[in-house]
Amino acid sequence: MSEVLTLPAEARERVGKGASRAMRRQGRVPAVIYGGKEPPLAIHVEEKLLVKQLATGHFMNSVVEIEVDGARHRTLPRDVQFHVVTDRPIHADFLRIGADSLVTVEVPVTFVNEAASPGLKRGGVLNVVRHEVELRVPADRIPEELVVDVTGFDIGASIHISAVTLPEGAKPVIERDFTIATIVAPSGLKAEDAAAEGEAQA
C-alpha cells in the first residue's frame, strides 16, 4: 500500500490572486482542503516540501495528512497546478477522506517475470496498452502499483485486467475485462512467418 505522507500547512487568512502571488514570493503554495461534508479550508504549504513529495512519483496516489493549527486532516491530492513557464507548483487541491472512504485513483502498472514468458524469450515485444489503471478503492488500501505477472504468456497473447490480483475492495472503474498489454512478434519474426506462409501457398 502507498505510504501516508505528512504535510504541515498554515491557514490562509486572505484569498485572491494578490494574496496568492504574495505567498508564492515567500516560497509558499496556496491550496485548499475540501469535501467530507465540511466547508473548504484555504491553506498554504511550503513549496520545497510539496516539490519533494511530488518527486516521489506516487504523491497523487498517497494519503496525505495535512497538519493545520494542531489539527490533522486526512486527504487525497486531487490536483496540482503548475506554472506554464517555470513548472513550479502554484496551487493544490486536497480531498478530505475517511478511513472507509472509496476513492478513484490511477495506479501505475509494472510487469514482472519477463524471463518466464515464452513469447518474450523468443524475442517478442511487450506492448503496454495501459501504463495506468483507474481503480475505485478504499482510501486506506491504495496500492502503489499493480503487478502484472507475464509468466507463461506467448506471442499473440493478450493480458487482461482479470489476470491481475487487485487489492481487497478494489474494482476497476471500467467494468469490462479490458486489455493491459499484449505480446507481439518482433518485425523479423513477422517477416519470416510471412515468407513461410508465402512458400506454403506457392
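The values are calculated or read from the model by the stated rules, or taken from the named source; none is laboratory data. Keep in mind the model is a prediction, meaning the values are calculated, not measured. All Cβ positions, even for glycine, are placed from backbone atoms using ideal geometry, and neighbour counts span all protein chains on display. Side chains included, ligands, DNA and RNA excluded: accessible areas come from the protein's heavy atoms. Shrake-Rupley method; radii C 1.70, N 1.55, O 1.52, S 1.80 Å.
Between the listed residues Ala55, Phe111, Ala185, the Cα displaced farthest toward the positive end of the dipole of the chain, a dipole computed from Cβ unit charges relative to the Cα centre, is found at Ala55. Contact order for the chain, expressed relative to its length and based on alpha carbon pairs under 8 Å spaced 6+ residues apart, stands at 18 percent. Convex hull volume of the C-alpha atoms in region 23-101, normalised per residue: 98 Å³.
Taking 0.36 nm per residue of separation and subtracting the current Cα-Cα distance, fully stretching the chain between Val173 and Glu132 would add 13.6 nm. For region 72-172, the gyration tensor built on C-alpha atoms gives an oblate shape. Its axis ratio a/c (a ≥ b ≥ c) is at least 1.5, and a/b is not larger than b/c. When Cα Rg over 2.2 N^0.38 Å is calculated for this entry, the matching label among (1) 1.39; (2) 1.18; (3) 1.08 is (1).
Packing, taken as the mean count of other beta carbons within 10 Å per residue, orders the peptides 169-181, 54-66 from highest to lowest as 54-66, 169-181.
Accessible surface calculations at 1.4 Å, restricted to protein heavy atoms, place the chain at 57 Å² per residue.
Whole-Hz Karplus values for region 110-119 come out as 10, 10, 10, 6, 5, 5, 9, 9, x, x Hz, taken residue by residue from phi with 6.51 cos²θ - 1.76 cosθ + 1.60 and θ = phi - 60°; glycine and proline positions read x. The aspartates and glutamates within cross-link reach of Lys171, meaning a Cα-to-Cα straight distance under 16 Å and a gap of 8 or more places when in the same chain, are Asp100, Glu106, Glu132, Glu134, Asp140, Glu144, Glu145. Close amide H partners of Ser101, meaning residues 5 or more places away or on another chain with modelled amide H under 5 Å apart, are Ala139.
Whole-Hz Karplus values for region 164-179 come out as 9, 7, 9, x, 4, x, 8, 9, x, 5, 7, 7, 6, 7, 7, 7 Hz, taken residue by residue from phi with 6.51 cos²θ - 1.76 cosθ + 1.60 and θ = phi - 60°; glycine and proline positions read x. For the chain, the fraction of 1.4 Å probe accessible surface lying on carbon and sulfur atoms is 50 percent.
Gain on full extension, evaluated as 0.36 nm per residue between Gln81 and Ala11 minus their Cα-Cα distance, stands at 23.3 nm.
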